[in-house]
Amino acid sequence: YRSRVIDEEKFVVGGYQADIDSSPRYSGINYEEKARGILAERGQSVTLTGEKEKDIVNFADAEYLQEKIINPEQWNDYLIVARGRHLQHFINGVLMSETIDNSQKFTESGIIALQAHQGPPMKVQFKEIELKETD
């Protein structure tokens, strides 16, 4: 979300990314594709203050969130709340990660892309996608 097109022909984009995966490594994190990489891990509230400077507060255990909240290989509700510089990822109603991007690399707008990584044969589905503009 809030991504920019890097390669129009191949539809390669870069920007904030809300992940969910079967490996349990990335679900719930905030990852900036084609830029800064992992911004906030699952269970973290991170305030980005500069290009590499950040303040981290651990608010929950990452393993607990993965094992008790996320339903592997099943439907999960994923909510992304992006209000200005405040970005939150919720899975099944529980906060997974929070990023406050006070850096100069903050992105206020962009496109939305849905991505499936290459790998073994898999079935990926998205349903009931809603966009709601907030004040």
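The values are calculated or read from the model by the stated rules, or taken from the named source; none is laboratory data. None of these values were measured; they are calculated from a predicted model. When we count neighbours, we look across all protein chains shown, and the Cβ atoms used for this are built from the backbone with ideal geometry, even at glycine. In case anyone asks, the SASA skips ligands and DNA or RNA and just uses the protein heavy atoms, side chains included. Shrake-Rupley method; radii C 1.70, N 1.55, O 1.52, S 1.80 Å.
Selection over segment 3-23 of residues that are open to solvent by 30 Å² or more (accessible area, probe 1.4 Å), touching a residue at least 12 places away in the same chain (Cβ under 8 Å) and not β-branched (Val, Ile, Thr) gives a count of 5. Hey, does segment 14-21 have a residue that's in contact with a helix residue (DSSP H, G or I) (Cβ under 9 Å, 6 or more places away or on another chain), under 19 Å from residue 125 (Cβ atoms) and part of a loop (DSSP other than H, G, I, E, B)? Looking for residues that are in contact with a helix residue (DSSP H, G or I) (Cβ under 9 Å, 6 or more places away or on another chain), under 19 Å from residue 125 (Cβ atoms) and part of a loop (DSSP other than H, G, I, E, B), one finds none in segment 14-21, hence no. Of the residues examined, residue 26 is not one that is under 23 Å from residue 124 (Cα atoms) and in contact (Cβ under 8 Å) with a residue 24 or more places away in the chain.
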